[in-house]
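Everything on this sheet refers to the single structure shown next.
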Amino acid sequence: MRSKRRLRWVAIPVMVSMGLLLAGCSQQQMQGFLPAEPGTTNNTDKVTGLWVTSWIVLLAVGIITWGLTIWAVVVFRRRRGQTGLPVQLRYNMPIEIFYTVVPLILVLGFFAFTAKDQADIEQPYAAPDEVISVYGKQWAWDFNYVNQNVYTAGVQAQSAPASAGGDANSALVESEIPTLYLPVDKKITIELHARDVIHSFWVIDFLYKKDMIPGKTNYMYVTPERIGTFSGKCAELCGEYHSDMLFNVKVVSQADYDAYTKSLADQGFTGQLGDDYNRNTNLPGTVSPLAESESGASK
């Protein structure tokens with residue numbers, strides 16, 4: 001009877017605290033403080049659900065673990081007048097099995113749900129509406145719109161000129177940051193390449209990033225579902241000006257997307273910026289400029 005009373009006094013404050021905590025949660029807290037809003041892409045809700053559910057399970061495990069620890073400290077503390085060591089207990093086989101099986105179930109559960117969501121996110125589109133070829137380079141981005149056969153060549157993010165008494169590094173020239181346009185509600189395959197060193201293509205609100213490795217093509221499959229402008233950056237340390245390797249993603253209507261790609265064609269930005277602009281000359285299957293010049297001289 002006494003042990004039940006103790007457990008009741010432990011459970012009541014825990015339940016009250018959890019109720020107050022959950023009742024006061026904002027939308028951002030309910031999303032685990034992730035930056036994306038629900039429905040930003042076809043993948044963001046999967047990532048958010050996996051993230052938040054994992055934290056809820058881990059929070060429950062933490063509460064139980066700390067609760068049992070505190071309970072043991074309180075119940076089995078040394079009483080006044082007691083001397084010597086407390087009664088020593090041998091191992092308890094059911095508890096040992098419990099402590100082995102439960103973590104195994106947690107690990108297998110996390111793995112199963114992660115593998116399922118990852119397989120869904122990495123599933124290629126059989127017939128994508130648009131194909132975008134992205135090249136990362138120190139320290140900017142080239143965007144090829146494959147279907148329309150047009151491109152944009154990006155430059156490194158530039159600091160705004162210093163104003164009177166201002167700091168030259170306090171802001172960037174937003175208009176000069178490379179911008180990738182994507183049509184809303186369209187299946188898009190993004191091909192990821194690197195011209196020099198390893199970069200990482202990260203659109204923050206898409207809750208997804210992937211490495212860009214020289215000599216290898218990686219792929220992203222995404223369907224933007226919300227019109228807006230989203231920040232992107234390189235997420236792999238790639239040299240001195242890595243922090244300035246920024247870009248924006250504008251998700252627009254199909255009409256605006258068509259108008260933008262047409263404007264690139266009207267400006268003469270036709271064709272594709274491919275591997276011929278890569279800086280690496282020692283990758284498998286490539287010939288160094290020195291070898292090419294010697295071959296030309298011999299002819």
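The values are calculated or read from the model by the stated rules, or taken from the named source; none is laboratory data. The structure displayed is predicted, hence computed values, not measured ones. We place every Cβ from the backbone using ideal geometry, glycine too, and count neighbours over all the protein chains shown. Side chains are part of the model used for accessible areas, which takes the heavy atoms of the whole protein and leaves out ligands, DNA and RNA. Shrake-Rupley method; radii C 1.70, N 1.55, O 1.52, S 1.80 Å.
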List the residue pairs whose Cβ atoms are under 6 Å apart, where the first residue sits in the range 41-68 and is open to solvent by less than 40 Å² (accessible area, probe 1.4 Å), the second is part of a helix (DSSP H, G or I), and the two are 6 or more positions apart or on different chains.
Thr41/Phe206; Asn43/Ile121
Restricting attention to the range 103-119, does a residue exist that is at pLDDT 90 or above, in contact with a Leu (Cβ under 8 Å, 6 or more places away or on another chain) and open to solvent by 90 Å² or more (accessible area, probe 1.4 Å)?
yes
Here the residues within the range 136-177 that are of a type outside the set (Asp, Glu), part of a strand (DSSP E or B) and either modelled with pLDDT of 80 or more or closer than 29 Å to Asn43 by Cα (or both) are Gly136, Lys137, Ala140, Trp141, Phe143, Asn144, Tyr145, Val150, Tyr151, Thr152, Ala153
Can you name the condition, by its number, that Leu180 falls short on among (1) of a type outside the set (Asp, Glu); (2) open to solvent by 40 Å² or more (accessible area, probe 1.4 Å); (3) assigned to a strand (DSSP E or B)?
(2)
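Conditions (1) buried (at least 18 other Cβ atoms within 10 Å of the Cβ); (2) not hydroxyl-bearing (Ser, Thr, Tyr), marked per residue:
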| residue | (1), (2) |
| --- | --- |
| Asp205 | yes, yes |
| Tyr208 | yes, no |
| Ile213 | no, yes |
| Thr223 | no, no |
| Thr229 | no, no |
| Leu237 | no, yes |
| Asn248 | no, yes |
| Ala259 | no, yes |
| Gly271 | no, yes |
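Can we say Tyr135 is under 21 Å from the mean Cα position of the chain (by Cα) and surrounded by 14 or more Cβ atoms within 10 Å (Cβ to Cβ)? Step through it out loud before you land on a result.
Details: under 21 Å from the mean Cα position of the chain (by Cα): yes; surrounded by 14 or more Cβ atoms within 10 Å (Cβ to Cβ): yes.
So Tyr135 passes the test.
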Residue pairs qualifying under the 6 Å Cβ cut-off, at least six apart or on distinct chains, with the first in the range 242-254 being in contact (Cβ under 8 Å) with a residue 40 or more places away in the chain and the second being open to solvent by less than 20 Å² (accessible area, probe 1.4 Å) and among the aromatic types (Phe, Trp, Tyr), are Phe247/Trp141; Val249/Phe230
